[in-house]
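Asks: For reference, the structure I am asking about is given below.
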Amino acid sequence: MSRLVIEAEHAESAYWSDLWRYRELFFFLSWRDILVRYKQTTIGVLWALIRPVLTIGIFTFLFGKLAKMDSEGIPFPVFVCAATLPWQFFATAMSEASNSLITNANMLSKIYFPRLIVPASAVIVSLADLLLSLVILAGLMVWYQVAPNWRLVTLPLFTALALFAALGVGFWLSALNVKYRDFRYVIPFIVQFGFFLSPVGYSREEILRKMGDGVFGPVIYALYPFNPMVGVINGFRWAIGGAPLSLDWNSVWVSLLVTTLLVVFGLRYFRATEETFADII
Amino acid sequence: MSAAIRVENISKKYILRHQTGGRSRYVSLRDVLARRAKALFQKNPADASREEFWALKDVSFEIKQGEAVGIIGRNGAGKSTLLKILSRITKPTRGRIEIEGRVASLLEVGTGFHPELTGRENIFLNGAILGMHRAEIKGKFDEIVAFAEVEKFLDTPVKHFSSGMYMRLAFAVAAHLEQEILIVDEVLAVGDAAFQKKCLGKMNDVSQSGRTILFVSHNMEAITRLCSRCLYLVKGELKLQGETREVIRAYSEHSKQLSGEIDLTPLPRRFEGNGAAQLLRLRSVQNRNTAAWCYEYGTPLEFAVEFSVSRTLEEPEIGYAIFSITGTELVSTTTYQECPLEQLLPGQYSMRITIPDLSLNPGTYVLALGIATSGRSADHILEATQIEILPSQLSIEKGLHKIWSPITPHTIFELNHI
């Protein structure tokens, strides 16, 4: 028979094995969120497609036609699509994860389970959205005859990078959100700000091209990958764009490092505050 | 038999923060920053808004395997906190607990139910939340559906369920848990009389099958039937433990010594009133020999409410409502229904309220009070006190102990041969 010891002074010793034991709950919560997401709106699945299609259309007009940004040798809609999909994935995954503890407050105060499951499963819905919207990407690639090569297989890696970046931020913000209820106003701000700090409608190279002669241009260019989405978006474009694109691997390593730090410290903060969630939520 | 649960000196401390407009458990970043900024300019940054509160103090007990134990006590005695600690939802501030076996805790029926999902989907979801494995749920699926009596509606979203169906389904999932230890909080009061009996029967089966049950309820009847032993909590301390009948006797004895006068000012408000009036005190008015807030069935319910008026109230209404312990509003009325008032000038008042014939069946209820002016709330307290309607000669003669509904109105039945 299983034996459990609860002590005030000691942290849960079986934390990670508990997390493994509750893996089914993780699947069920993800399944619930996906089910509800596609059931709730009448247009259901279509909504996951309409949103990126409209965004890509507008960005192509704004950045491609009006601002005449350079798309590094691939058709502009494909160029924008390869960035819009991971960016929207990151933005929704991060927001959902950050608000997840509050939305599931009732469960938290009535049932024990490793709290980490909540933000982790919240991210999965956005992943389903991403998978669905890959149809758009495929369609655009066929239409504009962009032939992918072997690099396409690296796409899941960059997706994973975006997922962990969203989780890392999500761990932080969801825990902070429980403690300071007005933290939720920060999240839309991060999304909005982050959009402009990510190369969705332009490429990172554009910074050097337009500001390279000044003092700030090269500095901004170098600091840019500290936004983990820079590595993700560059990687996405590289993976699907085929031959004409090159990838600055350094930017990917920097993004990977930042993401790792986000996850590690996010987890630490989450675990440190986790015990008090039920008391204050 | 060996111990299933061994609790050693556990205590739980909460920090309450008093904010304008009631108590709140969470803070906003804005307030924290404002307080820090203020503290910079003050000499004594003593935080008067923080108050420590011990929900449990040095509680120790042991529960043997296969035992069914009841936990009783007034609201706020720490029963729910104790269950939350045993369920690992929250950690004790001090102390140590050893639990032998898997625990299923049922602090609420239907935790995690989603209105958009169908009955079938919710069974799986809720089962997983309660710690069942997929295979386990699959194996018990038909049993659960049969128990809940919802076969026809399995593929209907539960938002279309009646509240009775919803509760039955929720309880059915919980009733089929297989964990060795079951922790149950006041959840049996769901559904209609027949279903309540079914639930109690199921709990009985569970306890007969050798599993350990820890059971919180205000329903002394259910406790007596189910539990051989009882723990009695008073203000966070374990006052008594022992054989159920003895503990329940001590509980009702102790209730009699409760004060008949209640200070209403610190109690939480339902929503912010407009400040024109404030409820101050509630006094129990009794000339009989029962304890404060205990009324024998068939005797009038009497109490007095004291309140202050700071601005002239136009068309004031003073009223009360009585809730069941599970939060269902049973009866309510205000002065408007009996004797509409035109105006109340500023000052202090006492309103004596007498309910000659309440028809409320024996049990525990919650009294709510409110003052309104021109139809808008001035002050409103959801839980002013608990009141106890005690069984009397009359209620036994009427056979009210066999009725599950809270109200049995005086009714005239006329039979004619046609």
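Asks: Considering the Cα positions of the range A:218-281, please state its Rg to one decimal place and its Dmax as a whole number of Å.
Replies: Calculated on Cα positions, Rg and Dmax stand at 16.9, 56 Å.
Asks: Sticking with this structure for a sec: Run the accessible area of the protein assembly as shown with a 1.4 Å probe and give the carbon-and-sulfur part as a rounded percent.
Replies: About 58 percent, which is the carbon plus sulfur part of the accessible surface.
Asks: Give the angle, between 0 and 90 degrees and rounded to the nearest 10, that separates the Cα long axis of helix A:45-59 from the longest principal axis of the Cα atoms of chain A.
Replies: 40 degrees
Asks: How many Cβ atoms of partner chains, on average, are near each residue of B:101-110 if near means within 10 Å of its Cβ?
Replies: Going residue by residue through B:101-110 and averaging, the value is 3.
Asks: Turning to a different aspect of this structure: Within the range A:164-178, what residues put their amide N at less than 18 Å from the label point 7 Å along the Cα-to-Cβ vector of B:Ile15?
Replies: Label zone hits: A:175-178.
Asks: Using +1 at the C-beta of Lys and Arg and -1 at the C-beta of Asp and Glu, which of A:Phe277, A:Tyr185, A:Pro77 has the Cα lying farthest in the positive direction of the dipole of the protein assembly as shown?
Replies: A:Pro77
Asks: Same structure again: How much net charge surrounds B:His410 when only other residues with a Cβ under 13 Å from its Cβ are counted (Lys, Arg +1; Asp, Glu -1)? Working shown, then result.
Replies: Details: positive: B:Lys398; negative: B:Asp357.
Once positives and negatives cancel, what remains is 0.
Asks: Mind checking the dipole of chain A: about its Cα centre, +1 per Lys or Arg Cβ, -1 per Asp or Glu Cβ, Debye to the nearest 20?
Replies: In debye, rounded to 20, chain A gives about 480.
Asks: In degrees between 0 and 90, to the nearest 10, how far off the longest principal axis of chain A does helix A:155-179 point, with axes built from Cα atoms?
Replies: 50 degrees
Asks: Can you give me the accessible area per residue for chain B, using a 1.4 Å probe, in Å²?
Replies: With the other protein chains kept in place, chain B gives 50 Å² per residue.
Asks: Let me check the size of the protein assembly as shown from its C-alpha atoms; what are the radius of gyration and Dmax in Å?
Replies: That works out to 30.7, 108 Å for Rg and Dmax.
Asks: I want to check the label-to-label distance for A:Leu257 and A:Asp213. Put each point 7 Å from Cα in the C-beta direction and report it in nm to one decimal.
Replies: 3.2 nm
Asks: Once you have the Cα-Cα distance between B:Asn274 and B:Ala250, take 0.36 nm times their residue separation minus that, and quote the gain in nm to one decimal.
Replies: 4.4 nm
Asks: Once both axes come from the Cα atoms, what is the angle between helix A:117-143 and the longest principal axis of chain A, in degrees from 0 to 90, rounded to 10?
Replies: That helix lies at roughly 20 degrees to the long axis.
Asks: Here are some pairs, A:Lys39/B:Lys159; B:Lys57/B:Lys91; B:Lys152/B:Lys197; A:Lys110/B:Lys197; A:Lys179/B:Lys79; which of them have Cα atoms lying more than 19 Å apart in this structure?
Replies: B:Lys152/B:Lys197; A:Lys110/B:Lys197; A:Lys179/B:Lys79
Asks: Continuing with this model, one more query. May I ask you to give the solvent-accessible area per residue for the range A:15-280, in square angstrom, as obtained with a 1.4 angstrom probe?
Replies: 45 Å²
Asks: Quick check of the Kirkwood formula: for chain B, what is the inverse mean of 1/r over all pairs of different Cα atoms, in Å? Intermediate values should be presented prior to the final figure.
Replies: Working: mean 1/r = 0.0412 Å⁻¹.
When all Cα pairs of chain B are included, the Kirkwood radius is 24.3 Å.
Asks: Here is a follow-up. Where in the range A:101-118 does accessible area fall by at least 30 Å² between the isolated chain and the complete protein assembly, at a 1.4 Å probe radius?
Replies: Going by heavy-atom accessible area, the residues of the range A:101-118 that drop by at least 30 Å² are A:Asn106, A:Met107, A:Ser109, A:Lys110, A:Ile111, A:Tyr112.
Asks: Please list 3J(HN,Hα) in residue order for the range A:16-24, calculated via the Karplus relation 6.51 cos²θ - 1.76 cosθ + 1.60 where θ = phi - 60°; whole Hz, with x for glycine and proline.
Replies: Along the range A:16-24, the couplings run 6, 6, 5, 4, 5, 5, 9, 4, 5 Hz.
Asks: OK, next. Using θ = phi - 60° and the Karplus curve 6.51 cos²θ - 1.76 cosθ + 1.60, what whole-Hz ³J(HN,Hα) does each residue of the range B:313-319 get, with Gly and Pro shown as x?
Replies: Each residue of the range B:313-319 in turn: 9, 8, 6, x, 10, 10, x Hz.
Asks: Taking every pair of alpha-carbon atoms in the range A:175-222, what share in percent sits in each 5 Å bin, from 0 to the bin with the longest distance?
Replies: In order of increasing distance, the bins hold 5, 19, 17, 15, 12, 9, 10, 9, 4, 0 percent.
Asks: For peptide A:181-190, what's the mean number of Cβ atoms from other chains within 10 Å of each residue's Cβ?
Replies: Per residue, the number of nearby Cβ atoms from other chains is 2 on average.
Asks: Roughly how many nanometres apart are two label points built 7 Å out from the Cα toward the Cβ at B:Asp155 and B:Glu98?
Replies: 5.3 nm
Asks: How charged is the neighbourhood of A:Phe76? Take every other residue with its Cβ under 14 Å from the Cβ of A:Phe76, and add Lys/Arg as +1 and Asp/Glu as -1.
Replies: 0
Asks: Quick check on chain A: what does the Kirkwood estimate of hydrodynamic radius come out to from the alpha carbon pairs, in Å? Could you put the intermediate results ahead of the total?
Replies: Numbers: mean 1/r = 0.0495 Å⁻¹.
For chain A, inverting the mean 1/r across all distinct Cα pairs yields 20.2 Å.
Asks: Now for a different question. How far apart, in nanometres, would the label points at B:Thr335 and A:Phe196 be if each is projected 7 angstrom from Cα along the Cα-to-Cβ direction?
Replies: Calculated label separation equals 5.9 nm.
Asks: A further question on this structure: Averaged across the residues of B:86-95, what count of C-beta atoms belonging to other chains lies within 10 Å of each residue's C-beta?
Replies: 6
Asks: How would A:Ile34, B:Ile403 rank on accessible area, largest to smallest, probe 1.4 Å?
Replies: Sorted by accessible area, descending: B:Ile403, A:Ile34.
Asks: Could you give the size of the charge dipole of the protein assembly as shown about its Cα centre, using +1 on the Cβ of each K and R and -1 on the Cβ of each D and E, expressed in debye and rounded to the nearest 20?
Replies: That gives the protein assembly as shown a dipole magnitude of about 1440 debye.
Asks: Let me ask something else about it. If you project the alpha carbons of the range B:261-402 onto the principal axes, what extent comes out on each, in Å, largest first?
Replies: 50, 27, 26
Asks: Only Cα pairs within less than 10 Å get springs; with that Gaussian network setup on chain B, which residue of B:Thr335, B:Thr224, B:Thr212 has the largest fluctuation?
Replies: Fluctuation is largest for B:Thr335.
The values are calculated or read from the model by the stated rules, or taken from the named source; none is laboratory data. Computed from a prediction, not measured in an experiment: that's the story for all the values here. Note that we place each Cβ from the backbone using ideal geometry, even for glycine, and neighbour counts take in every protein chain shown. Heavy atoms of the whole protein, side chains included, go into the accessibility calculation; ligands, DNA and RNA do not. Shrake-Rupley method; radii C 1.70, N 1.55, O 1.52, S 1.80 Å.
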